Structures are given as structure tokens and as C-alpha cells.
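One structure is given below, encoded as C-alpha cells.
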Amino acid sequence: MPVTETTYPILSQFLCVVEYITGMPPQPLDATPEQAENAQNRQDEVTGKKHLPKGVVLGKDGKPCRSCTSFGAWAQMAKKETTTPATISTTTPPAQATSSLQPPADCPPDVEQLGRSSWTLLHSIAATYPEKPSPQQQTDTRQFLQLFGKMYPCWVCADDFREYMAKGNEPKVSNRAEFARWMCEAHNAVNVKLGKEKFDCNRWDERWRTGWKDGRCG
Ligand SMILES: Cc1cc2nc3c(=O)[nH]c(=O)nc-3n(C[C@H](O)[C@H](O)[C@H](O)COP(=O)(O)OP(=O)(O)OC[C@H]3O[C@@H](n4cnc5c(N)ncnc54)[C@H](O)[C@@H]3O)c2cc1C
């Protein structure tokens, strides 16, 4: 018997009030994921708000930010939009790596693909940084990192990266080894934030400059 159909008048009235306040009929305690999803969709229609899947991050324009969101969460949202009319939630969850799903190679990057490509660029810049940089090269590198921190397309990542540099972790650029170590530690700070393992910075050279000692990188 559906939970709203009860022979007890007081309980019926209570359930009507619940429905009036929440905009959603009371749900059985053992609702299937499909029932829960349908109920959420009905509530979204009533409240005019869109329930964004976990991990979808809004941009500063209030619209979902693709480069701040994992492909899995993005695809889930897109799937939902084909079944319910779109309105936007005002909440902004932190950027998270929530999925191992990959966007097809010719699609805009998600937060993870963008991150991997960006770290490849940053570590490669460090790998080709001079052992004895001129004062101008050092200034250029500091400026590049500041601008990178302003322009990085995942704004929550960019905000945290700028904050990291501002709070006692200014880029160290006086020579290649120092710059490489700084980059490795900056990357590890993000790894820790995302709950990933730290990379052993003593192996940075092999990973990003010389190739592994077993010769597999040619
Ligand atoms: C500046 C910046 C800030 C970011 N902030 C966020 C954020 O706030 N939230 C979010 O969800 N994502 C963020 N990202 C993306 C995130 O760091 C990852 O790139 C993404 O989650 C994909 O992770 P991955 O496990 O594939 O490997 P990645 O972390 O992208 O690493 C790529 C490769 O680099 C090597 N590596 C790993 N750690 C290190 C290290 N410490 N030093 C040297 N090499 C290393 C490994 O071989 C690894 O396979 C950020 C990226 C950048 C560039």
C-alpha cells in the first residue's frame, strides 16, 4: 500500500502537511534509487531549483563549470537535463575528482583531463628550466605562475593555487632543481587535498626529465 494511503485520518493529515511543506509526497523508507530520483525531480519542479549531481561545480557566472567538474558528474547532469527542465542551484560544492570516466578525446576537458595536461605543461617547464637562470628568467617565471593562477580555467583550483603561493609557498626559481622541487610540492599539496597519494619528489627527475632508470621511456 502506498505510504500516503492510510486508514488513520490523523496520519493522513500529517502526510498531507509533509507533502505541502516539502513539495514531495512522503517516500517509503525502502525507496529504490529510481523512486528517490523521481521524487527529487518532482521536488525540483515544485521549488524551481535544480538538484545538481554531486561534484558539479558552478562557475562565477552561476552556470555549471565544465573545467571545474569531473566528466562523470557532468555526464550525469547532462543526462538529467534531458529528462527535467533546467534551473540552477546556488550551492557551490568543492571541485572533486569524483569519477574515473574519461571524456572522449575530442570533447572539452573535464577537471581531471585539464589538470593532467596542465601538470604536464608545468612540470615540463620546470624540466627545461635553466640550471642557472638569469634574473629576467626568474622574474618571468614568477610572473607566469601568478598569471597561470589567475587564468587557470577551473576557478576553484586557481583560487586554491594562488592561496597556496601567497601563504608561505612563493615559487622558488633560483635554479632548476629548486624549481622542480617547488613544483613537485605544489602538486603534492593538491594531491593531499584530493585525498591522493603524495608523489616521491626524489623521483621527479626520472618522471619529468630523464625518464625512468629501467629504460622504458627510451
Ligand atoms: C594548479 C592546479 C590545481 C588543481 N586543483 C584542483 C582542485 O582543486 N580540485 C580538483 O579536483 N582538481 C584539481 N586539479 C587537477 C588535479 O590536480 C589532477 O590533475 C586531476 O585530478 C587528475 O589527476 P591524476 O590522478 O590523473 O594525475 P595528476 O595529479 O594530474 O598527475 C599527473 C601525473 O603527474 C605525476 N605526479 C603526481 N603527483 C606529482 C607530484 N607531486 N610531482 C610530480 N609529478 C607528480 C604522476 O605521474 C601523475 O600520473 C588541479 C590541477 C592544477 C594544475
Hey, what do the phi angles of segment 112-124 turn into as Karplus ³J(HN,Hα) couplings, whole Hz, using 6.51/-1.76/1.60 and θ = phi - 60°, x for Gly and Pro? 7, 5, 4, x, 4, 5, 5, 5, 4, 5, 4, 5, 5
When we measure straight from the Cα of Lys80, which lysines land under 23 angstrom away, once same-chain ones fewer than 8 places off are left out? Lys49, Lys50, Lys54, Lys60, Lys63
Using θ = phi - 60° and the Karplus relation 6.51 cos²θ - 1.76 cosθ + 1.60, list the HN-Hα couplings for segment 164-169 in order, rounded to whole Hz, with x at every Gly or Pro. 4, 5, 6, 9, x, 10
How about Lys172: which lysines have a C-alpha closer than 22 Å to its C-alpha, ignoring those fewer than 8 places off in the same chain? Lys132, Lys150, Lys193, Lys198
Apply the Karplus parameterisation 6.51 cos²θ - 1.76 cosθ + 1.60, with θ equal to phi minus 60°, to every residue of segment 147-152 and state each ³J(HN,Hα) to the nearest whole Hz, in sequence, with x for glycine and proline. 5, 4, x, 8, 9, 4
Interchain or long-range residues, amide H under 5 Å from Gly55's placed H: none
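No value in this document is a laboratory result; all are computed from the given coordinates. Just so it is clear, the model here is predicted, and its values are computed rather than measured.
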